[in-house]
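These notes concern the structure reproduced below.
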Amino acid sequence: PDTFVPTGTWGGDHALLDVDVASAAIEFDCAHGTLPAPIALTHGDFDVAGEFVQEHGGPIREGEQVVRRPARYRGTIEKQTMTLRVALTDTPQEIGTFTLTFGVSGRVFKCV
C-alpha cells in the first residue's frame, strides 16, 4: 500500500465512518458494520472485506441473534473526500454509494 485511510471521522448523508488504529466502525441508516483497520490505500483506492448488520426498530430482544453478513467496502479518497461503495458478498445486494468528508459528522437516522 501507498498509505492508509487517515484515522478520525468521515461523515456524510446516511453514513458515518470512525477509523482508529485498531478498528473501523460504520453507522448507516438502520444498519452498522465493521471494517479491518488500518485500511490500506493504493493510489487512493481501497477494497476490504468487513461485516454488515441490518438493524430494526425497537429494542433487541433477549436471546435475539444478530445476523452479521459479509460485505465488501470499496472506495477512493481524493483530498478530504471519500467515495465509499458497500455491497454484500453472500448475495448480489448493493447497499449503496456514500460520499464522506474527513472531519465531518455524518447524518444517520436510526430505526425507531
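The figures follow:
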quantity	calculated
Among residues of region 12-51, those that are touching a residue at least 60 places away in the same chain (Cβ under 8 Å), among the small types (G, A, S) and under 14 Å from G75 (Cβ atoms), counted	2
The one condition in (1) of a type outside the set (S, T, Y); (2) exposed (fewer than 15 other Cβ atoms within 10 Å of the Cβ); (3) in a loop (DSSP other than H, G, I, E, B) that P38 fails to fulfil	(2)
Matching entry among T89, T76 (being open to solvent by 60 Å² or more (accessible area, probe 1.4 Å), of a type outside the set (D, E) and either touching a Pro at 6+ places or on another chain (Cβ under 9 Å) or over 25 Å from C111 (Cα atoms) (or both))	T89
Residue in region 74-92 that is of a type in the set (K, R) and assigned to a loop (DSSP other than H, G, I, E, B) present	yes
Residue among I60, I39, I26 that alone is touching a Gly at 6+ places or on another chain (Cβ under 6 Å) and of a type in the set (V, I, T)	I26
Test: V67 is free of Cβ contacts under 8 Å to residues at least 40 places away in the same chain, among the aliphatic types (A, V, I, L, M), out of contact with any Leu (no Cβ under 8 Å at 6 or more places or on another chain) and part of a loop (DSSP other than H, G, I, E, B)	yes
The one condition in (1) over 14 Å from the mean Cα position of the chain (by Cα); (2) under 21 Å from S23 (Cβ atoms) that G63 fails to fulfil	(2)
Residue match in region 88-102 (condition: among the charged types (D, E, K, R) and more than 17 Å from G11 (Cβ to Cβ))	yes
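Every residue, every condition in (1) in contact with a helix residue (DSSP H, G or I) (Cβ under 9 Å, 6 or more places away or on another chain); (2) among the aliphatic types (A, V, I, L, M); (3) open to solvent by 80 Å² or more (accessible area, probe 1.4 Å), yes or no:
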| position | (1), (2), (3) |
| --- | --- |
| E55 | no, no, no |
| I60 | no, yes, yes |
| R69 | no, no, no |
| I95 | no, yes, no |
| F98 | no, no, no |
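The values are calculated or read from the model by the stated rules, or taken from the named source; none is laboratory data. It should be emphasised that the depicted structure is a prediction, and the values quoted were computed from it without experimental measurement. Cβ sites come from the backbone with ideal geometry, for glycine too, and all protein chains shown count toward neighbours. For accessibility, only protein heavy atoms count, side chains too; no ligands or nucleic acids. Shrake-Rupley method; radii C 1.70, N 1.55, O 1.52, S 1.80 Å.
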